[in-house]
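Have a look at the structure below, then the notes.
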Amino acid sequence: LVDYLWERQVRPFDPKTGEGLETCLVNVHAGQQKAISYLVEDPVSRAQISVIPAGKAGENYVRRLNTLSYRDVATRPDDAWSLFERELMEQVAPDVLLIDARTGLGDWGGLSLLRLADEAFLVLYPSEQNTEGFRFVRKTLREVSGINSHIVLSPVPEGEIGKAVVARTLPQLELEEDEQVVEISYNPAIASASTYPVEAAMQNYSRLAGLIQET
């Protein structure tokens with residue numbers, strides 16, 4: 001995604017033909033451009049997920065990430081992200097778009113939450129420092145964008161220790177009546193997994209998937 005956005009923000013190109021670009025969203029037609037997305041298919045349900053990585057770690061990634069200006073996205077009608085969204089809807093047409101954003105409200109993380117998101121799922125380990133940050137982000141989201149925020153506590157320690165940590169954390173979150181909390185327990189099987197899904201962890205993740213589907 002970083003390569004795709006960088007090219008469209010920095011390089012001169014023909015917006016009709018794509019001439020001058022090395023990347024594309026999907027391989028719609030044969031050409032020299034490299035697609036930035038790939039498909040993952042569940043073998044049982046045949047449901048498909050299109051995955052778009054942030055980029056391949058290396059010199060180019062760091063340099064291009066630092067060059068990208070999130071201000072362009074906020075001020076220009078023909079910015080690179082708007083082009084990405086348009087192509088995404090035309091070529092992929094997803095039911096749900098999940099953005100794994102950076103923590104907090106700075107740079108691209110703030111842009112993802114304040115301009116691009118319809119709903120925010122805030123993932124935090126249950127600790128005093130994190131709940132303090134959560135309250136600030138939730139307050140800002142409500143005041144600036146009005147979008148709903150949902151809380152995901154993860155990873156929660158297993159057993160009695162985890163119950164005690166959650167019980168101590170929930171009052172600090174200062175939850176509203178309609179706010180739901182999803183708990184994801186620490187699961188060693190996920191920490192060491194090489195294939196997914198991990199059946200032992202499905203119950204908690206199913207609750208999260210259900211909440212995303214409801215919203």
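Spin-label pair N27-E119: with each label point 7 Å from Cα along the Cα-Cβ axis, the two points sit 3.4 nm from one another. Placing dummy labels 7 Å off each Cα toward the beta-carbon, the span from L170 to R142 is 2.0 nm. For the chain, averaging the sequence separation of C-alpha pairs within contact (under 8 Å, six or more residues apart) and dividing by the residue count gives a relative contact order of 13 percent.
Loop-resident GluC sites (Glu not before Pro) (DSSP state other than H, G, I, E or B) in the stretch 140-187 with no more than 12 further Cβ atoms inside 10 Å of their Cβ: E158, E174, E176, E177. Full extension of the chain segment joining V96 with R46 gains 16.3 nm, where the gain is 0.36 nm per residue of separation less the Cα-Cα distance. Between the amide H of N148 and those of A120, distances stay under 5 Å, these residues lying 5 or more places away or on another chain, with hydrogens modeled in the peptide plane. Computed 3J(HN,Hα) for the stretch 36-45, one whole-Hz value per residue from the Karplus formula 6.51 cos²θ - 1.76 cosθ + 1.60 where θ = phi - 60°, is 8, 10, 9, 9, 10, 10, 6, x, 8, 7, glycine and proline marked x. Amide H to amide H distances under 5 Å link R102 with G109, where only residues 5 or more positions off or on other chains count and H is placed in the peptide plane.
On a per residue basis, the chain carries 66 Å² of accessible surface, using protein heavy atoms and a 1.4 Å probe.
Roughly what % antiparallel, to the nearest 5, for the DSSP beta bridges in the chain? Let's see the in-between values first.
Values: 4 of 16 bridges.
If I count the DSSP bridges inside the chain, around 25 percent turn out antiparallel.
Dividing the radius of gyration of the alpha carbons in the stretch 100-215 by their Kirkwood radius gives 0.97 for Rg/Rh.
Quickly rank 36-48, 118-130 as a protection proxy: mean count of other C-beta atoms within 10 Å, highest first.
Details: 36-48: 10.5, 118-130: 15.5.
So the peptides 36-48, 118-130, ranked by packing, come out 118-130, 36-48.
Distances between placed amide hydrogens fall under 5 Å for C24 paired with K34, A35, I36, all partners being 5 or more residues away or on another chain. Evaluating 6.51 cos²θ - 1.76 cosθ + 1.60 at θ = phi - 60° for every residue in the stretch 178-190, the Karplus couplings come out as 8, 7, 10, 10, 9, 9, 10, 6, 5, 10, x, 5, 6 Hz, glycine and proline recorded as x. Both radii were evaluated on the Cα set of the chain; the Rg over Rh quotient, with Rh as the Kirkwood radius, amounts to 0.99.
The 3J(HN,Hα) values that the Karplus relation (6.51, -1.76, 1.60; θ = phi - 60°) gives for the stretch 162-172 are, in residue order, x, 4, 5, 5, 5, 4, 6, 7, 3, x, 5 Hz. Gly and Pro appear as x. Computed with a 1.4 Å probe on the full set of protein chains, the accessible area for K163 sits at about 130 Å².
The values are calculated or read from the model by the stated rules, or taken from the named source; none is laboratory data. Quick caveat: nothing in here was measured; it's all calculated off a predicted structure. Glycine gets a Cβ as well: all are built from the backbone with ideal geometry, and neighbour counts include every protein chain shown. SASA here: full protein model, heavy atoms, side chains in, ligands and nucleic acids out. Shrake-Rupley method; radii C 1.70, N 1.55, O 1.52, S 1.80 Å.
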